[in-house]
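Everything on this sheet refers to the single structure shown next.
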Amino acid sequence: MKTRGERYFVKLARFGASLYDKFLDAEPIRSRLEEIASDLVSKTVKGPLLDIGTGPGRLLAEIHLRNPEIELFGLDISDAMIELARNNLQNIPVNLQVGSIRQTNYDSDFFSVITCSGSFYLWDYPEESLEEIYRILKAGRSAYLFEAYRDINKEEFQIALKNNLRQLNWIRRLFGPLAVRESVKKSYRIEEIISIIEKTSFADNYFIEKIKLSGIPMWVRISLKKMPL
Ligand SMILES: C[S@@+](CC[C@H](N)C(=O)[O-])C[C@H]1O[C@@H](n2cnc3c(N)ncnc32)[C@H](O)[C@@H]1O
């Protein structure tokens, strides 16, 4: 079976995970997670929140900074990423687990909010994974997936990327565009996202908005609501 990319993360060495974390730890790249955290905190006051594909855990830290009442959970298929997240989140109460969102051991109807940033496009089993999100989400609550999409407006994207890069050091200016273009290239077109969601229990209750993060118009916020029975 052709993998979408999750298996490269399963094999990721500690060094690769730290390099990923260090590379992204710079303004204006960091502001992507700050903006997502503010958005999520505006939607929830307390209760358990799951970040799927949490990577180095930076989104969870940003959420905690804005609202320490929210109970934090992070899941990632990569051992190395979870180890790094444990290190980065040492002073924050958080439940971190290695595993795939395709099948988890969380209770049904448990989470008040579920999110991910730049992870959905890597899942080898997106429909089954959305079904698992449906199972573990409380009825009446939503999941918000922040993802790049492929059919961007290329002209707008290039201008924004150029402006953004000006603020970075030479190494990020060199490798940043490659990394960003690669993630856009690997991501889904909006119609592909729709076709995945429509095969799941979220089929009648979803919403996809094009948004900018760090000023770059390459993102969608996918809102998936689990309706009460
Ligand atoms: C591009 S990184 C994004 C990390 C972090 N969310 C961020 O915004 O910086 C994608 C993450 O998703 C994780 N991942 C990929 N497939 C997964 C799956 N099926 N279940 C859980 N995590 C997964 C990877 O291990 C990786 O840490």
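The values are calculated or read from the model by the stated rules, or taken from the named source; none is laboratory data. Worth saying up front: this structure is predicted, and the values here are computed from it rather than measured. Here Cβ is always computed from backbone atoms with ideal geometry, including for glycine, and neighbour counts include all displayed protein chains. Heads up: the accessible areas ignore ligands, DNA and RNA and are worked out on the full protein's heavy atoms, side chains in. Shrake-Rupley method; radii C 1.70, N 1.55, O 1.52, S 1.80 Å.
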Original post:
When residues of segment 131-157 are filtered for being assigned to a strand (DSSP E or B) and away from the ligand (no atom under 15 Å from the Cβ), how many remain?
Top reply: 6
**OP:** Check Asp79 against each of (1) within 10 Å of the ligand (Cβ to nearest atom); (2) of a type in the set (Asp, Glu); (3) buried (at least 18 other Cβ atoms within 10 Å of the Cβ) and name the one condition it does not meet.
**Re:** (3)
Original post:
When you go through (1) within 16 Å of the chain's Cα centre (by Cα); (2) small (Gly, Ala, Ser); (3) within 14 Å of the ligand (Cβ to nearest atom) one by one for Gly16, which number turns out not to apply?
Top reply: (1)
Subject >> Unique match (being in contact with a Pro (Cβ under 7 Å, 6 or more places away or on another chain) and either modelled with pLDDT under 95 or open to solvent by 50 Å² or more (accessible area, probe 1.4 Å) (or both)) among Ser195, Ser214, Ser201 >> reply: Ser214
**OP:** Take segment 131-179 and flag every residue that is modelled with pLDDT of 85 or more, of a type in the set (Val, Ile, Thr) and open to solvent by less than 80 Å² (accessible area, probe 1.4 Å).
**Re:** Ile133, Ile136, Ile152
**OP:** State whether one or more residues within segment 161-173 are within 15 Å of Ile222 (Cα to Cα) and not in a helix (DSSP H, G or I).
**Re:** no
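Residues checked against (1) in a loop (DSSP other than H, G, I, E, B); (2) aromatic (Phe, Trp, Tyr); (3) free of Cβ contacts under 8 Å to residues at least 40 places away in the same chain:
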{"residue": "Asp39", "(1), (2), (3)": "no, no, no"}
{"residue": "Thr44", "(1), (2), (3)": "yes, no, no"}
{"residue": "Pro48", "(1), (2), (3)": "no, no, no"}
{"residue": "Leu59", "(1), (2), (3)": "no, no, no"}
{"residue": "Leu65", "(1), (2), (3)": "no, no, yes"}
{"residue": "Pro68", "(1), (2), (3)": "yes, no, yes"}
{"residue": "Glu71", "(1), (2), (3)": "no, no, yes"}
{"residue": "Leu75", "(1), (2), (3)": "no, no, yes"}
Subject >> Members of segment 61-79 found to be farther than 20 Å from Asn105 by Cα and among the aliphatic types (A, V, I, L, M), listed by number >> reply: Ala61, Ile63, Leu65, Ile70
Original post:
Out of (1) among the aromatic types (Phe, Trp, Tyr); (2) farther than 22 Å from Tyr20 by Cα; (3) buried (at least 21 other Cβ atoms within 10 Å of the Cβ), what's the single condition that is false for Trp123?
Top reply: (2)
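Okay, residues lined up against (1) more than 16 Å from the ligand (Cβ to nearest atom); (2) polar (S, T, N, Q); (3) open to solvent by 20 Å² or more (accessible area, probe 1.4 Å); (4) within 28 Å of Tyr8 (Cα to Cα):
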residue	(1), (2), (3), (4)
Thr44	yes, yes, no, no
Leu60	no, no, no, yes
Leu75	no, no, no, yes
Gln90	yes, yes, yes, yes
Ile101	no, no, no, yes
Tyr106	no, no, no, yes
Original post:
Across segment 26-44, which residue is nearest to Thr104 (Cα to Cα) among those that are in contact with a Ser or Thr (Cβ under 9 Å, 6 or more places away or on another chain) and of a type in the set (A, V, I, L, M, F, W, C)?
Top reply: Leu40
